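Enquirer: Here it is, the structure, as structure tokens.
The values are calculated or read from the model by the stated rules, or taken from the named source; none is laboratory data. Owing to the predicted nature of the structure, the values given are computational and were not obtained by experimental measurement. Don't worry about glycine lacking a Cβ; one is built from the backbone with ideal geometry, like all the others, and counts go over all protein chains shown.
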Amino acid sequence: MTETETSQLQLHHDVPCPGCGCLCDDLTIGLDGTEVKSIEPSCAMATAYYRQQHATADDCRIDGSTTTVPNAYQRAAEILQAAKAPLFFGLGETSSEAVRKAIDLADRTGGIVDASHPTFYDPTGRTIQTTGLVTCSLGEIRQRADLVIFWGCDPKTTHLRHWERYSAEATGRFVPGGRSDRTLVGIGSQNKTTDACDTFISLEPSQQIAVLHHLIALAQGKPDNPSVLDAAMADATQQLGQLYQQITNSKYFVFVLGEGFLRKEAGRIPLELLAQFVRPMHEQTRGAISILRPGPNWVGAAGVVASRTGYPGGATLTQGIPQFDPDNLASAKLLSQSRVDAAILWEGPWLADLPEAARQALANIPTVVLGHRPLETDLTPSVFIPIKRPGYSDSGTMSRMDDMPLPVRALTQEDLPAAEEAVQAISERISA
Ligand code: SF4
């Protein structure tokens, strides 16, 4: 854009961005009318978020046919009221205020609430209950971390500004030189992030548990049989010995974890083992675990569900009181096992990645979808309700990947209901 064109834009400063779990709150967004024309600092994912197609009132549908928003509310209310076990999910795509309303609606209709991300496995809640977990804010990483270990993740691809803003290049109070004051280690499969690290430890998923046990043995000063580890991973003893030395020599170390570490098929074990390693390390230095979660508000949604039901991440309200069954209440599992007879969800990129059995089940039950963009899957929901886009035309509270709540604000107006209003309107149409 030319300088003159830029000067004619309406600029919004310090805008929080719901484009990913980083929720960067330092963007300057330039609007020409309602159109986003400029985003600074530049981020391809932020551009994709703000410039993706908008849902409009014309996208409102009942069984694929155009309808009005009030009619869509009425049909959604009928579906939820007729269901014996309606599922509420996709909650991390909306504000914490809207999640609160959704829980009220689930309570009225005897629903099952799942605030967890349907395709990103994150056992943090259960790990905190079992072994405990030392975590930190992104600000602590930025200000303190002089050793950052990226394990099974690639923020340079999935969270584009994490590297510059928090974990690698950012200057901080105790790392004033930024990148030059930090040692970066990559573990797992090679990717853009590990290529930019100082050292890289190649690790297969099948080697992960043996490596974690070896680190725990080092931290606790216990004997370990190196032949077991070396059989799983050549040169492991030497590489892990060096990593352990780097950790003990650091002032503040952070493990940044992604899907490659959390591996759903391994359950909570990898995270619990890493937590067991990090805790005793505090006798020698300081450190924490940070999980690279998707955005925008999965952490906030889980927090609201926990505060309203008493249980982390999900609960069933089918019997009038919240009940907890974390291993069986994941939405993909409930759908695949045909244990719900209706669903209401907030649309997001994860919908395209749902396991096939869950997608098929969703297509076979009455489904209400709320979305700020047209659906990008072949699902034809019973009801589609277009809503305002968070951080563009809708405001509210969203929590960053480190559980830091931030106020997301509306930059412009759209002639659509906010998510919170839509849920309230459906609720008001449910007869007592
Ligand atoms: S890194 Fe994520 S939150 Fe930050 S500007 Fe890019 S998309 Fe937005």
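Enquirer: Taking Gln74 as the residue in question, decide whether it is farther than 25 Å from Tyr166 by Cα and within 15 Å of the ligand (Cβ to nearest atom). Break it down stepwise before answering.
Expert: Working: farther than 25 Å from Tyr166 by Cα: yes; within 15 Å of the ligand (Cβ to nearest atom): no.
Answer is no for this residue.
Enquirer: Please go through region 1-52 and pick out each residue that is within 8 Å of the ligand (Cβ to nearest atom) and part of a strand (DSSP E or B).
Expert: Once the filter is applied, which keeps residues that are within 8 Å of the ligand (Cβ to nearest atom) and part of a strand (DSSP E or B), region 1-52 yields Leu27, Ile39.
Enquirer: I would also like to ask the following. Given the criterion in the same structural domain as Leu274 (by TED's automatic domain parsing), under 29 Å from Val305 (Cα atoms) and at pLDDT below 95, identify the matching residue among Thr131, Thr135, Thr158.
Expert: On inspection, the qualifying residue turns out to be Thr131.
Enquirer: Same structure again: Enumerate the pairs (first residue in region 402-429 and over 20 Å from Asp32 (Cα atoms); second residue anywhere and at pLDDT 95 or above and acidic (Asp, Glu)) with beta-carbon separation below 6 Å, excluding pairs fewer than 6 apart on the same chain, so at least 6 apart or on different chains.
Expert: Hits for this filter: Leu406/Asp25; Ala418/Asp394; Glu420/Glu97.
Enquirer: On to the next question. For region 53-67, check the following and say yes or no: at least one residue is away from the ligand (no atom under 16 Å from the Cβ), buried (at least 24 other Cβ atoms within 10 Å of the Cβ) and hydroxyl-bearing (Ser, Thr, Tyr).
Expert: no
Enquirer: Looking at region 28-47 only, could you name the residues that are of a type outside the set (Gly, Ala, Ser) and buried (at least 19 other Cβ atoms within 10 Å of the Cβ)?
Expert: Hits for region 28-47 are Ile29, Val36, Ile39, Cys43.
Enquirer: Take the residues in region 284-327 that are more than 16 Å from the ligand (Cβ to nearest atom) and aromatic (Phe, Trp, Tyr), then tell me which one is surrounded by the most Cβ atoms within 10 Å (Cβ to Cβ). If you could, list the steps in order and put the result at the bottom.
Expert: Step one: filter region 284-327 for residues more than 16 Å from the ligand (Cβ to nearest atom), giving 284-289, 301-327.
From what's left, aromatic (Phe, Trp, Tyr): 311, 324.
Numbers: Tyr311: 20, Phe324: 14.
Filtering region 284-327 for residues that are more than 16 Å from the ligand (Cβ to nearest atom) and aromatic (Phe, Trp, Tyr), the one surrounded by the most Cβ atoms within 10 Å (Cβ to Cβ) comes out as Tyr311.
Enquirer: Of everything in region 190-207, what is under 25 Å from the mean Cα position of the chain (by Cα) and surrounded by 15 or more Cβ atoms within 10 Å (Cβ to Cβ)? Give them in sequence order.
Expert: Hits for region 190-207 are Asn191, Thr193, Thr194, Ala196, Cys197, Leu203, Pro205.
Enquirer: Looking at region 288-301, is at least one residue among the hydroxyl-bearing types (Ser, Thr, Tyr) and modelled with pLDDT of 95 or more?
Expert: Looking through region 288-301, at least one residue is among the hydroxyl-bearing types (Ser, Thr, Tyr) and modelled with pLDDT of 95 or more.
Enquirer: Sticking with this one: Can you tell me which of Gln207, Gln220, Gln276, Gln190 is of a type in the set (S, T, N, Q) and farther than 23 Å from Tyr121 by Cα?
Expert: Step by step, each of Gln207, Gln220, Gln276, Gln190 is checked, and only Gln220 is of a type in the set (S, T, N, Q) and farther than 23 Å from Tyr121 by Cα.
Enquirer: Scan region 186-237 for residues that are touching a strand residue (DSSP E or B) at 6+ places or on another chain (Cβ under 6 Å), over 16 Å from Leu257 (Cα atoms) and among the polar types (S, T, N, Q) and jot them down.
Expert: Thr199
Matching residues to (1) within 21 Å of the chain's Cα centre (by Cα); (2) buried (at least 16 other Cβ atoms within 10 Å of the Cβ); (3) over 30 Å from Glu140 (Cβ atoms):
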residue	(1), (2), (3)
Asp353	yes, no, yes
Ala357	no, no, yes
Asn364	no, no, yes
His372	yes, yes, yes
Ile387	yes, yes, yes
Ser395	yes, yes, no
Leu406	yes, yes, no
Ala422	no, yes, yes
Ser427	no, yes, yes
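Enquirer: Follow-up. Of the residues Gly177, Gly186, Gly125, which is surrounded by fewer than 23 Cβ atoms within 10 Å (Cβ to Cβ) and closer than 24 Å to Gln245 by Cα?
Expert: Answer to the check: Gly177.
Enquirer: Quick test of your reading of the structure: Leu160 fulfils all but one of (1) in contact with a Cys (Cβ under 8 Å, 6 or more places away or on another chain); (2) more than 16 Å from the ligand (Cβ to nearest atom); (3) of a type in the set (A, V, I, L, M, F, W, C). Name the failing condition by number.
Expert: For Leu160, the exception is condition (2).
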